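What follows is a short report on a single structure.
The values are calculated or read from the model by the stated rules, or taken from the named source; none is laboratory data. Note that the coordinates shown come from a computational prediction; the quantities given were computed from them, not determined experimentally. Note that each Cβ is placed from the backbone with ideal geometry, even for glycine, and that neighbours are counted across all protein chains shown. Just so you know, the surface numbers come from the protein's heavy atoms only, side chains and all, with ligands and any DNA or RNA stripped out. Shrake-Rupley method; radii C 1.70, N 1.55, O 1.52, S 1.80 Å.
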Amino acid sequence: MAPPKVKQDMAPPGGYGPIDYKRHLPRRGLSGYSLFALGIGSLLVGYYTLVKWNRERRRLLIEELEARIALMPLLQAESDRRTLRMLRENLEEEAKIMRGVPGWKVGESRFHTDRWVPPTPEELYFLRPPAELDREKFGLQNYV
Amino acid sequence: MPFWDLQKQLGIDVDSWLVRQSMPQPYGQAGVCHAFEREWVECGHGLGQTRARRECQLEYEDFMECMNRTKLAQRLRTILEQRDKLIKQGKYTPPDYHTGKEEPRP
């Protein structure tokens, strides 16, 4: 016998319309080769700029070194005067301090030779507060 | 290799500057005790180390003093102890330029 006629939820007559299931990737932007070219081109431009700037920096460095060479006699003379002044002060203080000590020769050289031996910072600053010695040794240093 | 003298043959200087202080140093910077070492080596040339230490005693002592500064440390320590003793007894006051109150000058 025929199936009973029931009201079922069916598709509309003629079926559904077309369904959009394919993916839609937009075709935009540069191609792969041109991206490579862009990257490598920017690299080359960067290298070129670096080389130019490094050469300029070398020129500036040479200029600074030449300025240092030009000023060297003045700075060396000042430093020598300062060293001699400190040695003289130390000698006088040593004479005052060790006046009563028997068998002490003031300003006695430790070496058997007559040559000028440049004094060490410790020798120059030993009567002064230690902060001055530290400043002399490490005052211009930024490295920790 | 002992007798090949490779560094002079090839004209390079890999570690000759390490052998003695008086060898040519990089950047031409002489060592601090260069003169003392040179004098000792010139005095003891060809003698061998033991004899050079014994017979060139004065130069050797100067060289060691330059390197280790033992006599200097001893001397400074004596002076500082004497100074502290005198300060405690009240017989000595350090002058201005030794207490950090000196006005700055070049």
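When you restrict to C-alpha pairs under 8 Å that are six or more residues apart and normalise by the size of chain A, the relative contact order lands at 13 percent.
For chain A, leaving out every one of the chymotrypsin sites (Phe, Trp or Tyr not before Pro) that falls in a DSSP loop and has at most 10 other Cβ atoms within 10 Å, the longest unbroken run is A:22-115. With the helix formula -39500 (n - 2.57) applied to DSSP H stretches of n ≥ 4, chain B reaches a computed 222 nm mean residue ellipticity of -16000 deg cm²/dmol. When the trypsin sites (Lys or Arg not before Pro) in segment A:45-144 are filtered for DSSP coil states and for at most 15 other beta-carbon atoms within 10 Å of their beta-carbon, the remaining sites are A:Arg99, A:Lys105, A:Arg115. Comparing B:Val14, B:Val32, B:Val41 in a Gaussian network model of chain B (Cα springs below 10 Å), the most mobile by mean-square fluctuation is B:Val14.
The GluC sites (Glu not before Pro) of segment A:42-144 that meet both conditions, a loop assignment by DSSP and at most 10 other Cβ atoms within 10 Å of the site Cβ, are A:Glu108.
Within chain B, the longest run free of exposed loop sites, counting chymotrypsin sites (Phe, Trp or Tyr not before Pro) that sit outside DSSP helix and strand states (H, G, I, E, B) and have at most 10 other Cβ atoms within 10 Å, spans B:5-106. Summed over both chains, the contact between A and B buries some 2700 Å² of accessible surface at a probe radius of 1.4 Å. For segment B:18-77, trypsin sites (Lys or Arg not before Pro) meeting the loop criterion (DSSP other than H, G, I, E, B) and having at most 14 other Cβ atoms within 10 Å: B:Arg20. Our helix-only sum for chain A, with -39,500 (n - 2.57) per DSSP H run of n ≥ 4 divided by its residues, gives a mean residue ellipticity at 222 nm of -20000 deg cm²/dmol. Summary value for chain B: 13 percent relative contact order, contacts being C-alpha pairs under 8 angstrom separated by 6+ residues. When a/c is below 1.5 the answer is rounded, else prolate if a/b is larger than b/c, else oblate, so apply that to segment A:1-109 with a ≥ b ≥ c taken from the square roots of the Cα gyration tensor eigenvalues. Oblate, since a/c reaches 1.5 and b/c is not below a/b.
With the other protein chains left in place, how much accessible area per residue, in square angstrom, belongs to the protein assembly as shown at a 1.4 angstrom probe?
So the protein assembly as shown comes to 85 Å² accessible per residue, rounded to a whole number.
Within the accessible area of chain A, the carbon and sulfur atoms contribute 61%, probe 1.4 Å, all protein chains present.
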